[in-house]
Amino acid sequence: MYKRFILAMAGLVAGFAATAPAQAALQIQSWNLANGARVLFVENHSIPVLDLSVEFDAGSRRDPQGKSGVAALTNAMLARGLREAAAAQAEPAMTEAQISDAFADTAAQRGGGAGGDRAGASLRTLSSRTERDASVALLARLLAHPSFPEDFLARDKARMISSIRESETKPESIADKAFWRLLYGAHPYARHETVASVEPITRDDLIAFHGTHYVANRAIVSIIGDINRAEAEAIAQQLTVRLPQGAPLPSLPSVELSLPQEERIAHPASQAHILLGMPAIARGDSDYFPLLVGNYTLGGGGFVSRLTREVREKRGLTYSVYSYFNPLAQLGPFQTGLQTQKDQADQALTVVRDTMTAFLRDGPTEQEIKAAKDNLIGGFALRIDNNKKILDNMAAIGFYNLPLNYLDTWTAKVAKVTAADIKAAFNRKLSLDKMSTVVVGNGK
């Protein structure tokens, strides 16, 4: 399934773990270009490599009504071909193969993708001038002048439809789609690509979506590597100078908490797949750190979490059970999930709910909090131990307007969380009475 891939999981040590020592190791510089693009830059000469990304408010939440899949297809087809473009030097049209060869000739690696909120492209290139200039120029063309060839669109649509049909046979995919539908109702976050939504998508849809969303004044350019500030300014300008200015995007509806529902879906799988949750938190929420630390003890800490202890170790109902918060531009979900034998589904669900009830009522113990902090803070360095990981975090900081010192203050904010903070935050954001449940595998 194309939706929520790649970028969805790329953000911020958020949901993740904590930082290198508390000193300011990452000095993120930020400025805006005259065309409105925002730039974030970290100068790092440790290796002769440059990593960069350009992202836009072009995720699946911006899919046209009835045509879920446009955002993903638009992004996927950026490199399927380039149209001829006017420039100081002739820029002939390029095919997909020529684009791939051109990046390969400079030893550059192109990436990117589309998630729920954002979409864009990334590049890893040698910092040497010849290779860098060639690969950056090609990425700039790719962002601004995709040709969206009809034959490749037909191929990509066929691939997407095949993926959708395959996902419709898998209990985990069925559960995930039902879960988002129950939580988000008519909100764009609930939309998924379907055969019916992808089949009518045309090349004109992609051209319109690209022209509306891949614009200079909403671009977030993140750069880290072996260049100086002046070179970063020139590269950011080069990446966005061809992009048009965009009109303000229409406001999206607010996420409304719907009445809790329970949906049971029959499936021949040997195990039942269970999801439980509710919309809970947006990026930048002041409750984030208490929720992060608290969730580690509840269901985010793997074998040391309460849910694992209660559901797996004490009762042997599952191999794994988890919980996490997924903060988005708008209220993202809190989700807990597990797989268990079909005839144990109700018992497992009862144990999960009882465990969460006790956690909301009593909060974590001091011992649990210490273990959570030790793990989060101790593991943070591994989350930012290379340029690619740092780039992902910078892009999220830029897109969600988080403080530039977000990574530098991360461990300190984790360290100051108290049991009272966690209990209060969890009870502000979660209520079992408002959670919806999906069980796939033992429909009645």
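The values are calculated or read from the model by the stated rules, or taken from the named source; none is laboratory data. Owing to the predicted nature of the structure, the values given are computational and were not obtained by experimental measurement. As a convention, Cβ positions derive from the backbone with ideal geometry for all residues, glycine included, and neighbour counts pool all protein chains shown. Note: areas computed on protein heavy atoms with side chains; ligands, DNA, RNA excluded. Shrake-Rupley method; radii C 1.70, N 1.55, O 1.52, S 1.80 Å.
What the table shows:
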| item | result |
| --- | --- |
| Carbon + sulfur, % of accessible area of the chain - ligands and nucleic acids excluded, 1.4 Å | 53 |
| The chain: calculated mean residue ellipticity at 222 nm from DSSP helix runs of at least 4, using -39500 (n - 2.57) | -11500 deg cm²/dmol |
| Set of lysines with alpha-carbon distance to residue 170 below 30 Å, sequence-local pairs under 8 removed | 3, 67, 157, 314, 342, 434, 444 |
| Debye intensity ratio in log₁₀ form over the Cα atoms of the chain, taken at each q of 0.12 Å⁻¹ | -1.07 |
| In Hz, Karplus ³J(HN,Hα) per residue of the stretch 339-352 (6.51, -1.76, 1.60; θ = phi - 60°; x = Gly, Pro) | 10, 8, 4, 4, 6, 10, 4, 5, 5, 5, 5, 5, 5, 4 |
| Cα centroid separation - the stretch 74-115 against the stretch 346-400, whole Å | 39 |
| Local net charge near residue 219, Cβ-Cβ under 12 Å (Lys/Arg +1, Asp/Glu -1) | +2 |
| Trypsin sites (Lys or Arg not before Pro) within the stretch 382-428: DSSP coil, no more than 12 neighbouring Cβ in 10 Å | 416 |
| Paired Rg and Dmax values of the stretch 262-441, which use every Cα atom, in angstrom | 17.0, 50 |
| Accessible area in square angstrom per residue, the stretch 29-239, 1.4 angstrom probe | 38 |
| Calculated over the stretch 29-239: convex hull of Cα atoms, volume per residue (Å³) | 142 |
| Amide hydrogen neighbours beyond the local backbone of residue 81, cut-off 5 Å, H modeled | 147, 148 |
